Amino acid sequence: MSTFDESVVYKPGERRDDNDDPIPGSSIPVTIPGCVIEPLGSTEAPERGRNGRVTRMRVYITERPPVSILNTGTIIVRGVEFEIDGDVAENIDDEDPEDCSWVVELMKAVG
């Protein structure tokens, strides 16, 4: 079941400069409002061991995010941190460019 108007927190991965030093402020978490959360369920993952489990979610971001969302970061949904699984899909309506959304696939593997 999807829930409308939720917020998620995007935690960007730490970025580094040409000298491989961390860039200050590059990993500050950002709250993204106006999201739709779609739980996709959990599966057992034998490659993760006897108790392995992979949980998947899909997040629809209905407003332009304040930062670029890269798959090197993580997203916190309902208090649980998930890895971004793949690239973020951008859906833009050609007739109304303001009517756009972003789709982020998430996964969390435990066990």
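The values are calculated or read from the model by the stated rules, or taken from the named source; none is laboratory data. Quantities reported herein were computed from a predicted structural model and do not represent experimental measurements. Positions of Cβ are generated from backbone atoms using ideal geometry, with glycine treated the same way; all protein chains shown enter the neighbour counts. The protein model used for the area step is the full one, side chains on, heavy atoms only, and it has no ligands, DNA or RNA in it. Shrake-Rupley method; radii C 1.70, N 1.55, O 1.52, S 1.80 Å.
Structure above, values below:
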quantity: Added length on full extension, which subtracts the Cα-Cα distance from 0.36 nm per residue, VAL103 to SER26; calculated: 25.5 nm
quantity: Potential lengthening between SER7 and GLU38 on full extension [0.36 nm per residue; Cα-Cα distance subtracted]; calculated: 9.9 nm
quantity: Sulfur and carbon atoms: percent of accessible area, the chain [1.4 Å]; calculated: 46
quantity: Prolate/oblate/rounded label for the chain (Cα gyration tensor, a/c 1.5); calculated: oblate
quantity: Linear extension gain, ARG58 paired with VAL80, 0.36 nm per residue minus alpha-carbon span; calculated: 6.6 nm
quantity: Percent RCO, i.e. relative contact order, over the chain, from Cα pairs under 8 Å lying at least 6 residues apart; calculated: 27
quantity: Inter-probe distance in nm under a simple model that places probes 7 Å from Cα toward Cβ, at ASN19 and ALA89; calculated: 4.3
quantity: Cβ charges +1 (Lys, Arg) and -1 (Asp, Glu), total dipole of the chain, debye; calculated: 920
quantity: Average accessible area per residue (Å²) across the chain - probe 1.4 Å, nucleic acids and ligands excluded; calculated: 66
